[in-house]
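Undergrad: Below are the structure tokens for one structure; questions will follow.
The values are calculated or read from the model by the stated rules, or taken from the named source; none is laboratory data. Because the structure is a prediction, the values reported are computed rather than measured. Glycine gets a Cβ as well: all are built from the backbone with ideal geometry, and neighbour counts include every protein chain shown. Heavy atoms of the whole protein, side chains included, go into the accessibility calculation; ligands, DNA and RNA do not. Shrake-Rupley method; radii C 1.70, N 1.55, O 1.52, S 1.80 Å.
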Amino acid sequence: MNRARTLKAMVTLAVAGTLAAGMTVILAPAASAGTTLRAAAAEKGRYFGAAVATSKFSTGTYMTVLNREFNSLVAENEMKWDATEPQQGRFNYTGGDRIVSHAQANGMSVRGHALLWHAQQPGWAQSLSGSALRNAAINHVTQVATHFRGKIHSWDVVNEAFADGGSGGRRDSNLQRTGNDWIEAAFHAARAADPGAKLCYNDYNTDGVNAKSTGIYNMVRDFKARGVPIDCVGFQSHLGTSLAGDYQANLQRFAALGVDVQITELDVTQGSNQANIFGSVTRACMAVSRCTGITVWGVRDCDSWRGSDNALLFDCNGNKKPAYDAVLNALNAGGGITPSPTTPTNPTTPPPGPGGCTASLSLNSWTGGFVATVRVTAGSAATNGWTVTTTLPSGAAVTNTWSASASGNTGTVQFTNVSYNGRLNPGQTTEFGFQGTGSGPGSTPTCTAN
């Protein structure tokens, strides 16, 4: 999101249309509905996140809402190029590390935003061109993704590289002028630096089937055909007073290419249609099996980059707005999800047992380390909590865990649910992950339900 881009341009270019009603698949009875956004999303295997600024971490109302309602964080500015590499070759991760630490302490995942973007570049990068800029950009991707390796759920590897208007082509920028292959070069570098993260392309004014979204669609289709490592596409969804009637269809056509789709920067102009639009976007995501999560761009109206638009789900006092209820109801009514692994390795999930639970593990490894993703599946009875036990090889150690609590870090390690993902309906799944040094587990973990 470009904090300098004007709302007028954004709304003018938005695709007008009727509200997308979306499809609803009910998997859980109303009695088990989540009472917060994070709980309702997690019950369906998704995340519901917010963009945050560390400058607000000392504000009580802000933090109360953040910790109660969201299970994913993305930095508004702290992970962008000008913040992380203000001088060439000299990196500053203070703000990003603080966000990651808060997420880890509160059972949240982190979206990384953004490795390369034509805006908010440091002055030294703006003065480069050609091979010097290309080398500096790839080094930036490598260094930043390596620093946060194993701590980021999804990276916006490249942000806003396509032009507005009817051409469907690339934006003219200093990065584009280094060669048309700069985007795929960035994705290859990101995969090498952080094999466990989902790698996304992110853009705005792509909410319906239009020239810009079709240009991106063609790029993704080409990347998938040629083996360029792209896992997801982000749809910013900075919306005005209407929503494209083909919003859901647009998400679905990208998902059909074999990538996840994510709503990454959602906000909506306040007015009589705000709640309907928020609800329709959420229903659209829930109806697309590869829509893995939604992020709103800010926590409260007074934290939003859109000023007096009052474009978020909470007012400045932390009160829930009608749009909040629309989103929560859509999350609770929506269908579940089976997220795909980042790498071609597809683990075999044991069938749900008669009661209890089962666990399966997928592994992304590199020399000296690994990231493990564990899927927990309830059996024929609901769970009120679960414990997964796995055994690490000699010399291996767990260094970081998300969406679970770890007991021990070497040898036999037990992971227990956190507050929002312990209750599973029969056959329902949830996921957690952990990072470690050495070699990852070589055997199937066991699961015990409470």
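Undergrad: For residues that are surrounded by fewer than 17 Cβ atoms within 10 Å (Cβ to Cβ) and of a type in the set (G, A, S), tally how many sit in the stretch 54-81.
TA: Adding up the residues that qualify gives 3.
Undergrad: Let me ask something else about it. Looking only at residues in the stretch 317-335 that are touching a residue at least 24 places away in the same chain (Cβ under 8 Å) and assigned to a loop (DSSP other than H, G, I, E, B), which one is surrounded by the most Cβ atoms within 10 Å (Cβ to Cβ)?
TA: That would be G334.
Undergrad: Please determine whether any residue of the stretch 291-304 is over 24 Å from A53 (Cα atoms) and surrounded by 19 or more Cβ atoms within 10 Å (Cβ to Cβ).
TA: Yes, the stretch 291-304 contains a residue that is over 24 Å from A53 (Cα atoms) and surrounded by 19 or more Cβ atoms within 10 Å (Cβ to Cβ).
Undergrad: Which residues, counting only those in the stretch 396-427, are closer than 19 Å to A378 by Cα and in a loop (DSSP other than H, G, I, E, B)?
TA: Listed by number, the residues that qualify are S403, A404, N417, V418, S419, Y420, N421, G422, R423, N425, P426, G427.
Undergrad: Could you tell me whether any residue of the stretch 21-42 is over 19 Å from V418 (Cβ atoms), modelled with pLDDT of 95 or more, over 22 Å from the mean Cα position of the chain (by Cα) and assigned to a helix (DSSP H, G or I)?
TA: No, there is no match, as no residue in the stretch 21-42 is over 19 Å from V418 (Cβ atoms), modelled with pLDDT of 95 or more, over 22 Å from the mean Cα position of the chain (by Cα) and assigned to a helix (DSSP H, G or I).
Undergrad: Let me ask you something else. Please determine whether any residue of the stretch 276-290 is hydrophobic (A, V, I, L, M, F, W, C), open to solvent by 20 Å² or more (accessible area, probe 1.4 Å) and closer than 25 Å to E431 by Cβ.
TA: Checked the stretch 276-290: at least one residue is hydrophobic (A, V, I, L, M, F, W, C), open to solvent by 20 Å² or more (accessible area, probe 1.4 Å) and closer than 25 Å to E431 by Cβ.
Undergrad: Looking at the structure I just gave you, is V110 over 24 Å from I230 (Cβ atoms) and either in contact (Cβ under 8 Å) with a residue 40 or more places away in the chain or open to solvent by 10 Å² or more (accessible area, probe 1.4 Å) (or both)?
TA: No.
Undergrad: Quick check on the stretch 36-52. Is at least one of its residues in contact (Cβ under 8 Å) with a residue 60 or more places away in the chain, surrounded by fewer than 23 Cβ atoms within 10 Å (Cβ to Cβ) and of a type in the set (S, T, N, Q)?
TA: yes
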